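The values are calculated or read from the model by the stated rules, or taken from the named source; none is laboratory data. Only a predicted model underlies this, so the values are computations on that prediction, with no experimental measurement involved. Cβ: placed from backbone, ideal geometry, glycine included. Neighbour counts: every protein chain shown.
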Amino acid sequence: MFSTAEIGRQRLEAILASTPDLVLVTDHQDRLLLANPAACKVFEINKEASKGKFISQVIMQEEVLDLLRLSDSKQQTTEISSTTGQIFLATASTIETEGGNIGRVCLFRDITELKQVDTLRTEFVSTVSHDLRSPLALVRGYTGMLKMVGELNEQQNAYLDQIVNNIDNMSRLVNNILDLRRMESGVGLQLDTRPIREVIQHVVESLRSQATQKRVQLEIEVPQEELPDIEADQALLDQALQNLVENSIKFTEVGGKVTIGLDLQPARVIFRVRDTGIGIAPADQARLFERFYRSGGKGVTVQRTSGLGLSIVKSVADRHKGQVWVESQLGKGSTFFLELPLKQH
């Protein structure tokens, strides 16, 4: 029996020693139980001297300590940069038994090369988009002048309208890419204070004609009492809410309804955009806020999108220390939530 357990222990130790991923295990009192060689190297841990010590005595990086100390039983995943310049995708889980939580295990996977490739790809797309702005504006300008040259027949006008619509779509895509790039590059927020009611009314009025054109009812649903002000980058806040409302209008059928409301919480506000549209499949909801992601569900193919509108909303939420999420059922519509603090610290 002892021999079998010893063989199992040696096998486990060999596996942990050979894996390039970093592994840390703690007990219910936040003491270090195990650190594989890869983790010892990155976090500069003396394996023998640190065993049984509190993690705060062994690991100096606060992000790692927060991840290991979490009492939530749910799995936690985040990106962590090490002092060596590496970037890790860290996943921490609570070890549970019938008697309760007995500790946590944290796995760190090196994604440095993936992040570098992603950065290069983003910079390339941003550069190309920037170079496209001038020729698109030039083509748009000359296209608009064609009707001034002479009389066009009905078919020629239809072709011209198609050209203008596609140029506008390309310009919108270019602007979305550049906006997203600016937000992700960490450009400082231009903070200003504005009444919440005014924010919602401005967004609704800017999209009223679009909703009317599609015969979609656009409504505001907010409390009648006085609402507080919100401190934010007002241009980014408007853009985030406009993207949510425009997205709902786009995927709501003729005769449907889009409602903008809010819920007030202590020091925070939750903007709510509810529609009676086609809904979103559960498989798509998890990736909905990723860049360039397009849902492949039924009814979506008729609506062409760049896949950037919702990722911009997420970036705006992240920059303001907020969050965005969706609740939806296929055929029953969707509700998007944008939660932001009333004050920025």
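Pull up segment 124-151, narrow it to residues that are free of Cβ contacts under 8 Å to residues at least 40 places away in the same chain and of a type in the set (D, E, K, R), then point me to the one that is surrounded by the most Cβ atoms within 10 Å (Cβ to Cβ). Before the answer, list the steps.
In the first step, residues of segment 124-151 are kept if they are free of Cβ contacts under 8 Å to residues at least 40 places away in the same chain; the result is 124, 127-128, 131, 134-151.
Next, only the ones that are of a type in the set (D, E, K, R) stay: 131, 140, 147, 151.
On the way: Asp131: 10, Arg140: 15, Lys147: 12, Glu151: 7.
Ranking the candidates gives Arg140 first.
Any chance you could count how many residues in segment 259-295 are assigned to a helix (DSSP H, G or I) and of a type in the set (Asp, Glu)?
Here is the first cut: in segment 259-295, the ones assigned to a helix (DSSP H, G or I) are 282-285.
After this cut, where a residue has to be of a type in the set (Asp, Glu) as well, the list is 284.
Residues in segment 259-295 being assigned to a helix (DSSP H, G or I) and of a type in the set (Asp, Glu): 1 in total.
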_Here is a list: Leu173, Leu191. Which entry is in contact with an Asp or Glu (Cβ under 7 Å, 6 or more places away or on another chain) and at pLDDT below 90?_
Leu191
*Any hit, segment 65-80, residues being surrounded by fewer than 12 Cβ atoms within 10 Å (Cβ to Cβ), at pLDDT 80 or above and over 24 Å from the mean Cα position of the chain (by Cα)*: no
*Can you name every residue in segment 215-226 that is surrounded by 13 or more Cβ atoms within 10 Å (Cβ to Cβ) and at pLDDT below 90?*
Val222
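Which count do you get for residues in segment 113-123 that are surrounded by 14 or more Cβ atoms within 10 Å (Cβ to Cβ) and of a type in the set (S, T, N, Q)? Working first, answer last.
Step one: filter segment 113-123 for residues surrounded by 14 or more Cβ atoms within 10 Å (Cβ to Cβ), giving 115, 122.
Next, from what is left, pick out any that are of a type in the set (S, T, N, Q): 122.
Of the residues in segment 113-123, 1 are surrounded by 14 or more Cβ atoms within 10 Å (Cβ to Cβ) and of a type in the set (S, T, N, Q).
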*Total residues in segment 198-214, condition surrounded by fewer than 17 Cβ atoms within 10 Å (Cβ to Cβ) and closer than 13 Å to Leu262 by Cβ*: 2
*asked:* Six or more apart or on different chains, Cβ atoms under 7 Å: show the pairs whose first residue is in segment 243-269 and farther than 16 Å from Ser328 by Cβ and in the same structural domain as Ser206 (by TED's automatic domain parsing) and whose second is aromatic (Phe, Trp, Tyr) and crowded, with 20+ Cβ neighbours inside 10 Å.
replied: Leu262/Phe271
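Is segment 119-130 home to any residue that is outside the structural domain of Ile15 (by TED's automatic domain parsing) and small (Gly, Ala, Ser)? Break it down into steps so the answer makes sense when it comes.
In the first step, residues of segment 119-130 are kept if they are outside the structural domain of Ile15 (by TED's automatic domain parsing); the result is 119-130.
When the remaining residues are screened for being small (Gly, Ala, Ser), the result is 126, 129.
Looking through segment 119-130, at least one residue is outside the structural domain of Ile15 (by TED's automatic domain parsing) and small (Gly, Ala, Ser).
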*Identity of the residue in segment 96-123, of a type in the set (Val, Ile, Thr) and in contact (Cβ under 8 Å) with a residue 40 or more places away in the chain, that ends up nearest to Pro37 (Cα to Cα)*: Val105
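Mind counting the residues in segment 329-343 that are at pLDDT below 90 and surrounded by 15 or more Cβ atoms within 10 Å (Cβ to Cβ)? Before you say what the answer is, go through the steps one by one.
We begin by selecting, within segment 329-343, every residue at pLDDT below 90; these are 329-332.
Next, only the ones that are surrounded by 15 or more Cβ atoms within 10 Å (Cβ to Cβ) stay: 330.
Going through segment 329-343 one residue at a time, the tally reaches 1.
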*asked:* I want to confirm something. Restricting to segment 19-55 and keeping residues that are in contact with a Phe, Trp or Tyr (Cβ under 9 Å, 6 or more places away or on another chain) and among the small types (Gly, Ala, Ser), which single residue is farthest from Thr112 (Cα to Cα)?
replied: Ala35
*Quick one: in segment 18-51, of everything that is loosely packed, with under 11 Cβ neighbours inside 10 Å and more than 33 Å from the chain's Cα centre (by Cα), which residue is farthest from Thr83 (Cα to Cα)?*
Gln29
_Failed criterion for Glu225 (all others in (1) of a type outside the set (A, V, I, L, M, F, W, C); (2) more than 21 Å from the chain's Cα centre (by Cα); (3) in a helix (DSSP H, G or I) hold)_ = (3)
